[in-house]
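Here the structure is laid out as structure tokens; the discussion comes afterwards.
Coordinate-derived values only; no laboratory data. Note that the structure is predicted; figures quoted are calculated from it, not measured. Because the Cβ atoms are built from the backbone with ideal geometry, glycine has one as well, and the counts that use them run over all protein chains shown.
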Amino acid sequence: MELEVRKGSLLEVDVDVIVNPANSHGYMGGGVAGVIRKFGGEEIEREAVEKSPIPVGEAVLTTAGKLPFKGVIHAPTMEEPAMRTTEEKVRRAVRGALKLADELCFRSIAFPGMGTGVGRLPKNRAAKAMIEEIRSFKPRCLEKVVLVDLDEEMVKEWEKVLKD
């Protein structure tokens with residue numbers, strides 16, 4: 001499976017699906033979730049809420065609304081909105097998103113930094129957890145994972161982990 005790291009907007013990556021670092025209720029208030037809702041439309045949040053509660057470690061697919069993707073995968077990194085998260089929850093969220101994308105036979109997926117915004121997990125720990133989970137995943141359909149963030153520090157932490 002190809003793994004690419006880039007600085008930029010999650011909403012501008014050429015992939016089948018993008019990942020929303022969600023909360024278990026499906027509410028899309030701040031951070032990446034708020035941006036996805038703002039540009040994709042309220043129907044993304046409405047559908048995520050309808051499919052809640054989403055346990056940490058599981059994921060659900062919703063429409064991508066006005067966004068150019070086949071869907072948005074909501075992978076909770078926390079149970080409650082704006083709750084502090086942990087490295088273990090980020091691992092479970094990444095694993096859940098990869099598993100769902102592969103089960104639905106998507107070929108490409110993009111992740112932002114998971115748990116590093118409102119979840120307040122240090123970027124170096126999030127980067128290590130994310131890349132270890134991606135590297136240990138054995139896909140049937142998934143061919144490409146893109147790690148993309150506007151935050152220069154997040155991008156540098158992913159690159160650092162990949163060099164080790």
Those residues of segment 49-64 which are basic (Lys, Arg) and in contact (Cβ under 8 Å) with a residue 40 or more places away in the chain, in sequence order
none
Contact list please: Cβ distance under 6 Å, first residue in segment 65-82 and surrounded by 24 or more Cβ atoms within 10 Å (Cβ to Cβ), second residue among the charged types (D, E, K, R), pairs at least six apart or on different chains.
Thr77/Lys89
Quick check, is Phe106 in contact with a helix residue (DSSP H, G or I) (Cβ under 8 Å, 6 or more places away or on another chain) and of a type in the set (A, V, I, L, M, F, W, C)?
no
Would you confirm whether or not segment 32-48 contains a residue that is closer than 25 Å to Glu133 by Cα, touching a residue at least 60 places away in the same chain (Cβ under 8 Å) and buried (at least 19 other Cβ atoms within 10 Å of the Cβ)?
yes
Does any residue of segment 4-11 turn out to be part of a strand (DSSP E or B), under 15 Å from the mean Cα position of the chain (by Cα) and of a type in the set (S, T, N, Q)?
no
Being touching a residue at least 60 places away in the same chain (Cβ under 8 Å), among the aliphatic types (A, V, I, L, M) and within 17 Å of Ile18 (Cβ to Cβ), is that true of even one residue in segment 114-133?
yes
Some residue of segment 39-59 being in a strand (DSSP E or B) and touching a helix residue (DSSP H, G or I) at 6+ places or on another chain (Cβ under 8 Å):
yes
Looking only at residues that are touching a strand residue (DSSP E or B) at 6+ places or on another chain (Cβ under 6 Å) and among the acidic types (Asp, Glu) in segment 1-31, which one is surrounded by the most Cβ atoms within 10 Å (Cβ to Cβ)?
Asp16
Consider Met28 against the criteria (1) more than 12 Å from Leu11 (Cα to Cα); (2) in contact (Cβ under 8 Å) with a residue 24 or more places away in the chain; (3) within 14 Å of the chain's Cα centre (by Cα); (4) part of a loop (DSSP other than H, G, I, E, B): it satisfies all of them except one. Which criterion is unmet?
(2)
Those residues of segment 83-95 that are in a loop (DSSP other than H, G, I, E, B) and either of a type outside the set (S, T, N, Q) or under 11 Å from the mean Cα position of the chain (by Cα) (or both) come to a total of 2
Would you mention how many residues in segment 96-150 are among the small types (Gly, Ala, Ser), buried (at least 17 other Cβ atoms within 10 Å of the Cβ) and assigned to a helix (DSSP H, G or I)?
6
